[in-house]
Amino acid sequence: MYTCGPTTYDFAHIGNLRTFIFEDILQRVLEVNGYQVKRVMNITDIDDKIIKGAREKGEGISEFSAPFEKAFFEDLEKLNIKSANFYPKATEHIGQMIKYIEELIKRGLAYQEKDGSVYFDISKFETYGKLSQLNKQQLKHGTRILSDEYSKDDVQDFALWKAVEEDEVGYDSPWGKGRPGWHIECSVMSQQYLGDTFDIHAGGVDLLFPHHENEIAQSEGKTGKKFVNSFVEGEHLLVDGQKMAKSAGNFYKLKDLEDRGFDPLSFRYLVLTSHYRDKLNFTWKSLEAAQNALNNLRDEIRAWEQPKGDVGQFWQEFLEAANNDLNIPQAVGVFWQMVNSDNTISSKATTILEMDKILGLGLEEYLGKPLAIPTNVMKLISQREEMRKSGDFAKSDQLREKIKKLGFEIEDTNSGPKIKKQH
Ligand code: AMP
Ligand code: ZN
């Protein structure tokens, strides 16, 4: 499986992270079904925006990218996203890209312009536009695009190699100094690590055209073989009904969520409640609901026993939902039915750990682990019980506040006080 990775010109926003979570779920579902997944995720560490950002800061491109790359890996860890087997970087595969482009020229699929740039000739690739279902009238033959970004109205020959001036960031090549276009890196690095044909290629829906379309043209043009068996593209995260994007300036980073007191896994939970083919409109209210659900779940399973026996009757239903085009929202519904069911808590424990192999909420950390309550808090709790019994409610309320300041909350129940850690 190959998944298009981050462009390290800024911190990842939670829209990017939604896509990375969806890809993680896909990997986990495959693994639970017994497949062994070999996964590659590239790091785009050279493109127009990185070069511009580095120039503005007076830094080299790798120096400029480094902190964003580091933050990307930290985000993955906080969100329980499994590691890929390889994270190849574009700048470390320039030689391979040059060879690949030479091959495309040799096959008559690419041509060099006078300035030293090399373009892919889309008219030479019979099935261009098939993935994104473009009609032939949209193809503008003989016009070219050099920029890394373009829209569906610009169906043109695209740059494989961009000529640059002597004082710009670039590499020597048979066509003079230049740097690779954006699309070529994914063809080169996916095939280097996974072979000419591989099973799954995933990304966000904005990559369908032109990025994935161009990858197919390059790869199948070069090998004459099928490139990818299945493309899977996840829908966008929106904010106020608009696509969250760095360029639109309407984005939040994971750090922004943490600064407001949210656990990163509450965002993962939120993502699990929507289908990957549906847009997800982000609101703080929905994140709060996700956080509450997660907190309640953690409190609940602390009181459970350690797992014993087989998975219960809900497991099959859960897996069927997950296997049905990753219907995770439905699977989450089954998950809650299981949690609230009358099954024994040891069998529920077995089932929840199995389900969490797909959900990835890190529940093992809480399962059957009663809260450790410090002795000073225990003392205050029993003092408060005495006050309550003697009818001194003012004093008992004072003690409740004191306990709260120490991070614990009391819920009075028929069977005595129930203690929770404040979230
Ligand atoms: P980038 O760092 O811009 O190259 O994007 C990394 C990944 O995030 C790609 O798979 C994009 O398709 C995806 N992506 C970008 N914006 C969004 C969004 N608003 N919602 C979901 N995925 C997104
Ligand atoms: Zn890509």
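The values are calculated or read from the model by the stated rules, or taken from the named source; none is laboratory data. Here the structure is a predicted model, which is why all the values come from computation and not from measurement. Note that we place each Cβ from the backbone using ideal geometry, even for glycine, and neighbour counts take in every protein chain shown.
Yes or no, residue by residue, for (1) away from ligand 1 (no atom under 16 Å from the Cβ); (2) touching a residue at least 24 places away in the same chain (Cβ under 8 Å); (3) within 29 Å of L237 (Cα to Cα):
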| position | (1), (2), (3) |
| --- | --- |
| F282 | no, yes, yes |
| N292 | yes, no, yes |
| N296 | yes, no, yes |
| A303 | yes, yes, no |
| Q306 | yes, yes, no |
| G309 | yes, yes, no |
| Q337 | yes, no, yes |
| D356 | yes, no, yes |
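Give the residue that is modelled with the lowest pLDDT, with candidates limited to residues of the stretch 38-55 that are under 15 Å from E92 (Cα atoms) and not aliphatic (A, V, I, L, M).
In this case the residue turns out to be D47.
Considering only residues of the stretch 31-45 that are of a type outside the set (S, T, N, Q) and either without any contact (Cβ under 8 Å) to a residue 60 or more places away in the chain or within 16 Å of ligand 2 (Cβ to nearest atom) (or both), which is farthest from M189 (Cα to Cα)?
Initially, the stretch 31-45 is screened for residues of a type outside the set (S, T, N, Q), giving 31-32, 34-35, 37-41, 43, 45.
Still in the list and also either without any contact (Cβ under 8 Å) to a residue 60 or more places away in the chain or within 16 Å of ligand 2 (Cβ to nearest atom) (or both): 34-35, 37, 39-41, 43, 45.
Values: G34: 26, Y35: 22, V37: 17, R39: 12, V40: 9, M41: 9, I43: 10, D45: 13 Å.
Step by step, filter the stretch 31-45, then rank; the result is G34.
Within the stretch 171-207, how many residues are away from ligand 2 (no atom under 11 Å from the Cβ), within 19 Å of G116 (Cβ to Cβ) and in contact (Cβ under 8 Å) with a residue 40 or more places away in the chain?
Of the residues in that region, 9 qualify.
Residue check, I328 against (1) away from ligand 1 (no atom under 16 Å from the Cβ); (2) within 21 Å of L76 (Cα to Cα); (3) β-branched (V, I, T), all met but one. Which one?
Exception for I328: condition (1).
A quick yes/no check of all residues on (1) touching a helix residue (DSSP H, G or I) at 6+ places or on another chain (Cβ under 6 Å); (2) among the hydroxyl-bearing types (S, T, Y); (3) farther than 23 Å from G312 by Cβ:
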site: V339; (1), (2), (3): no, no, no
site: T344; (1), (2), (3): no, yes, no
site: A349; (1), (2), (3): no, no, no
site: K357; (1), (2), (3): yes, no, no
site: K379; (1), (2), (3): no, no, yes
site: S382; (1), (2), (3): no, yes, yes
site: K389; (1), (2), (3): no, no, yes
site: R400; (1), (2), (3): no, no, yes
site: F408; (1), (2), (3): yes, no, yes
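Of the conditions (1) in a helix (DSSP H, G or I); (2) crowded, with 19+ Cβ neighbours inside 10 Å; (3) more than 16 Å from ligand 1 (Cβ to nearest atom), E215 fails just one. Which one is it?
Only one criterion is unmet by E215, namely (3).
Does at least one position in the stretch 5-14 carry a residue that is touching a Ser or Thr at 6+ places or on another chain (Cβ under 8 Å) and assigned to a helix (DSSP H, G or I)? Full working, then the answer.
Narrowing the stretch 5-14 to residues touching a Ser or Thr at 6+ places or on another chain (Cβ under 8 Å): 5-9.
Pick out the ones that are also assigned to a helix (DSSP H, G or I) and you get none.
No, the stretch 5-14 has no match at all.
If you take the residues of the stretch 218-248 that are among the acidic types (D, E) and in a loop (DSSP other than H, G, I, E, B), which of them is nearest to L272 (Cα to Cα)? Steps first, answer last, please.
Just the residues of the stretch 218-248 that are among the acidic types (D, E), to begin with: 220, 233, 235, 240.
Of the ones still in play, those that are also in a loop (DSSP other than H, G, I, E, B) are 235, 240.
Details: E235: 13, D240: 20 Å.
Restricting to residues being among the acidic types (D, E) and in a loop (DSSP other than H, G, I, E, B), the top hit is E235.
Please verify whether G15 is out of contact with any helix residue (DSSP H, G or I) (no Cβ under 7 Å at 6 or more places or on another chain), surrounded by 22 or more Cβ atoms within 10 Å (Cβ to Cβ) and under 25 Å from P329 (Cβ atoms), treating the condition exactly as stated.
Details: out of contact with any helix residue (DSSP H, G or I) (no Cβ under 7 Å at 6 or more places or on another chain): yes; surrounded by 22 or more Cβ atoms within 10 Å (Cβ to Cβ): yes; under 25 Å from P329 (Cβ atoms): yes.
Answer is yes for this residue.
Quick check on this structure: which one of I25, I94, I14 is more than 15 Å from ligand 1 (Cβ to nearest atom) and among the β-branched types (V, I, T)? Write out each step before concluding.
Values: I25 fails: more than 15 Å from ligand 1 (Cβ to nearest atom); I14 fails: more than 15 Å from ligand 1 (Cβ to nearest atom).
The unique qualifying residue is I94.
Taking the stated definitions as given, is L371 touching a Lys or Arg at 6+ places or on another chain (Cβ under 6 Å) and either farther than 26 Å from D24 by Cα or free of Cβ contacts under 8 Å to residues at least 60 places away in the same chain (or both)? Spell out the reasoning first.
Details: touching a Lys or Arg at 6+ places or on another chain (Cβ under 6 Å): yes; either farther than 26 Å from D24 by Cα or free of Cβ contacts under 8 Å to residues at least 60 places away in the same chain (or both): yes.
Considered against the rule, which asks whether it is touching a Lys or Arg at 6+ places or on another chain (Cβ under 6 Å) and either farther than 26 Å from D24 by Cα or free of Cβ contacts under 8 Å to residues at least 60 places away in the same chain (or both), L371 comes out as yes.
So how many residues does the stretch 59-104 have that are part of a helix (DSSP H, G or I), in contact (Cβ under 8 Å) with a residue 60 or more places away in the chain and of a type in the set (S, T, Y)?
Of the residues in the stretch 59-104, the ones part of a helix (DSSP H, G or I) are 61-78, 90-92, 94-104.
When the remaining residues are screened for being in contact (Cβ under 8 Å) with a residue 60 or more places away in the chain, the result is 61, 68-69, 71-72, 75, 78, 90, 94, 96-98, 100-104.
Keeping just the survivors that are of a type in the set (S, T, Y) gives 100.
Total satisfying the criteria: 1.
Among (1) in a helix (DSSP H, G or I); (2) of a type in the set (A, V, I, L, M); (3) within 17 Å of the chain's Cα centre (by Cα); (4) more than 30 Å from I105 (Cβ to Cβ), there is one condition L207 misses while meeting the rest; what is its number?
Tallying (1) in a helix (DSSP H, G or I); (2) of a type in the set (A, V, I, L, M); (3) within 17 Å of the chain's Cα centre (by Cα); (4) more than 30 Å from I105 (Cβ to Cβ), L207 fails exactly one: (4).
Touching a strand residue (DSSP E or B) at 6+ places or on another chain (Cβ under 6 Å), of a type in the set (A, V, I, L, M, F, W, C) and modelled with pLDDT of 95 or more, is that true of L146? Step through it out loud before you land on a result.
Numbers: touching a strand residue (DSSP E or B) at 6+ places or on another chain (Cβ under 6 Å): yes; of a type in the set (A, V, I, L, M, F, W, C): yes; modelled with pLDDT of 95 or more: no.
Against the criterion (touching a strand residue (DSSP E or B) at 6+ places or on another chain (Cβ under 6 Å), of a type in the set (A, V, I, L, M, F, W, C) and modelled with pLDDT of 95 or more), L146 does not qualify.
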